[in-house]
Amino acid sequence: MQKITVAKGDGIGPEIMEATLNILEAAGAQIEWEEVEIGEKVYLGGNSSGIDHTAWDSIRRNKVFLKAPITTPQGKGYKSLNVTIRKSLGLYSNVRPCNSFHPFIKTKHPDMDVVVIRENEEDLYAGIEHQQTDEVVQCLKLITRPGCEKIVRYAFEYARLYKRKKVSCFIKDNIMKHTDGLFHRVFKEIAAEYPDIKSDSWIVDIGAARLADEPELFDVVVMPNLYGDVISDITAQISGSVGLAGSANIGDECAMFEAIHGSAPDIAGQNVANPSGLLRGAVMMLNHIGQTDVAEMINNAWLCTIEEGIHTRDIYKEGISKHLVSTKGFAEAVIQHLGQSPKKIKAVEFARDIKFNLPVYQRRQSANKVFKGVDVFVDWKGKNADELAEKLQILSKDMQLTMITNRGVKVWPHGFSETFCTDHWRCRYEVPNGQKGEKIAIADLLANAIKEDIDVIKTENLYEFDGVRGYSLGQGQ
Ligand code: NAD
């Protein structure tokens, strides 16, 4: 008997969780669940994290968590509990298989069978945001080498173990050369270790467009967090419904299983929601804990239900579907089919003893890091960058003001009058060529800025790593 933690969540959560647990119980899953309360009630009870220590204790003790969707209350700065759980437990890999069930569920893509592997901890989901001036707010995009190595290796291991042919990487490194550039570089390094698996890379915009139009071109796709969030919803939706896909959040120690959709407050309490996403998440959970026979039995009963046209409202289509059923009715139909194999859709046979080869991250030897200058961000309400440059050029004796940008576009020297400027200026000071810079120069510069009443809102140091520039140029530089 495996102990797991269960949260029934918000909105449609309790209905689809009840349906799922009934099916698991009827199938003889060897699990004992411990229920915890997380989400809306906890938030509104005054706990701004949406989860209390008893829930954390249960999840950390049991290490396997089946979670229904929860509602993040709007406004008041509530942090997303999903992101908190994924990151606090180190659940770096979010696996979202999306395949179609043609001709039983309407889709324009009868042959699609795509697994989206989304990095789950980093990127803009670091949630580090600041308002810096009246007009400008900032969100920090953090991409790390360990994060990239772990997720990309996971994707290739997944492809190898599940006999997939290709791994595709989605990035935007034509624009974000350092952050998405690192993800892409690591992808190419690790792809070279898996010569038996094809690999390719796509700029995310055209990659997403092709995936939405011709998903048959893709097999396993791996990408940073935000792209994965958006694209996995699209991928699930074009396979038939966002209500169909399950999701596994995998870490080194713990794992969480859920549906990919949200709490659907618009249909909550009506007994119409499709429990398939959560059920398929639960099937992934059973595989994860080694109860593969039960996982197969449930999945095949689910396929029978689908191919017999027993459909919930979100996938019900006249001419294709046969019986419109409620959430409860759907679960009862799955239970009635336990032990049967689908007649037209291929029955599933899950691999046994899946063992991922995921070595512990090894930090590399530190690069030779050389200080090259500093970007000083200034809140200034003027319009003319030449005027700002004049004020700033006198602030440092050790570094030269070499460029000012506004929203990343160079506006000094030789800016264009057409460029729209906000009150947020990035002012680059560089150590003159051939000279050795010292970081103390920043302190001197900032002290002078205070004396001259220049409103510095933040600084970013500029470094070279083993002779390679570790910062972007200004647009137009
Ligand atoms: P949603 O996924 O809840 O709903 C989008 C649309 O899909 C709605 O029309 C809904 O009725 C439909 N839908 C979703 N699941 C369905 C199902 N199982 N059966 C039938 N129809 C289904 O997205 P949203 O409306 O943007 O978000 C609602 C809430 O869910 C928000 O508070 C959001 O923060 C939260 N959310 C939670 C999770 C999670 O817990 N993992 C994920 C996404 C969103």
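The values are calculated or read from the model by the stated rules, or taken from the named source; none is laboratory data. Note that this is a predicted model, so its numbers are computed, not measured. Note that we place each Cβ from the backbone using ideal geometry, even for glycine, and neighbour counts take in every protein chain shown. In case anyone asks, the SASA skips ligands and DNA or RNA and just uses the protein heavy atoms, side chains included. Shrake-Rupley method; radii C 1.70, N 1.55, O 1.52, S 1.80 Å.
Summary of computed values
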{"item": "All-pairs Cα distance distribution in region 369-469, expressed in whole percent, bin size 5 Å", "result": "2, 13, 25, 24, 17, 11, 5, 1"}
{"item": "With all protein chains modelled, accessible area of VAL468 [1.4 Å, Å²]", "result": "90"}
{"item": "Solvent-accessible area per residue, Å², over the chain with all protein chains present [probe radius 1.4 Å]", "result": "48"}
{"item": "Pair-distance profile P(r), taking every C-alpha pair of region 68-219, with 10 angstrom steps and integer %", "result": "10, 32, 34, 20, 5, 0"}
{"item": "Heavy-atom accessible area order for TYR43, TYR158, largest first, 1.4 Å probe", "result": "TYR158, TYR43"}
{"item": "Dipole in debye (nearest 20) - region 369-469, about Cα centre, beta carbon charges: Lys, Arg +1; Asp, Glu -1", "result": "220"}
{"item": "Rg/Rh (Cα only; Kirkwood hydrodynamic radius) as it applies to the chain", "result": "1.05"}
{"item": "Debye equation applied to the C-alpha atoms of region 19-119, log10 I(q)/I(0) at 0.11, 0.17 Å⁻¹", "result": "-0.51, -0.99"}
{"item": "Summed side-chain charge close to ASP266 - residues other than ASP266 whose Cβ falls under 14 Å, Lys, Arg +1, Asp, Glu -1", "result": "-2"}
{"item": "Whole-number D in µm²/s for region 117-188 (Stokes-Einstein; Kirkwood sum over Cα pairs; 37 °C, 0.692 mPa s)", "result": "241"}
{"item": "Positive-end residue of TYR162, THR133, TYR227, charge dipole of region 108-239 with Cβ unit charges", "result": "TYR162"}
{"item": "Residue-wise HN-Hα coupling along region 54-60, computed from phi with Karplus coefficients 6.51, -1.76, 1.60 (Hz; x: Gly, Pro)", "result": "5, 5, 4, 4, 4, 5, 6"}
{"item": "Per-residue HN-Hα couplings for region 225-238 [Karplus 6.51, -1.76, 1.60; θ = phi - 60°; Hz; x = Gly/Pro]", "result": "3, 5, 4, x, 4, 5, 6, 5, 5, 4, 4, 5, 5, 6"}
{"item": "Quarter of Cα convex hull surface for region 153-213, i.e. mean projection, nm²", "result": "4.3"}
{"item": "Within the accessible area of the chain (1.4 Å probe), percent carbon and sulfur", "result": "50"}
{"item": "Region 213-282: translational diffusion in µm²/s, Stokes-Einstein, Kirkwood Rh over Cα pairs, 20 °C, 1.002 mPa s", "result": "160"}
{"item": "Cubic angstrom per residue, convex hull over Cα atoms of region 160-274", "result": "146"}
{"item": "Virtual spin-label span in nm between LEU44 and VAL360, 7 Å along Cα→Cβ", "result": "4.5"}
{"item": "For the chain, calculated [θ]222 nm from helices alone, where every DSSP H run of n ≥ 4 adds -39500 (n - 2.57)", "result": "-9500 deg cm²/dmol"}
{"item": "Quarter of the Cα convex hull surface for region 272-358, i.e. its orientation-mean projected area (nm²)", "result": "6.3"}
{"item": "For region 213-221, Karplus couplings with θ = phi - 60° (6.51, -1.76, 1.60), whole Hz, Gly/Pro x", "result": "9, 9, x, 4, 6, 10, 10, 9, 10"}
{"item": "Calculated P(r) of region 296-449 - Cα pairs past 22 Å, %", "result": "66"}
{"item": "Exposure rank, largest accessible area first [GLU460, GLU35, GLU318; 1.4 Å]", "result": "GLU318, GLU35, GLU460"}
{"item": "Solvent-accessible ranking of ARG407, ARG363, ARG160, largest area first, probe 1.4 Å", "result": "ARG363, ARG407, ARG160"}
{"item": "More than 16 angstrom apart: percent of Cα pairs within region 12-62", "result": "54"}
{"item": "Interchain or long-range residues, amide H under 5 Å from TRP412's placed H", "result": "ILE404"}
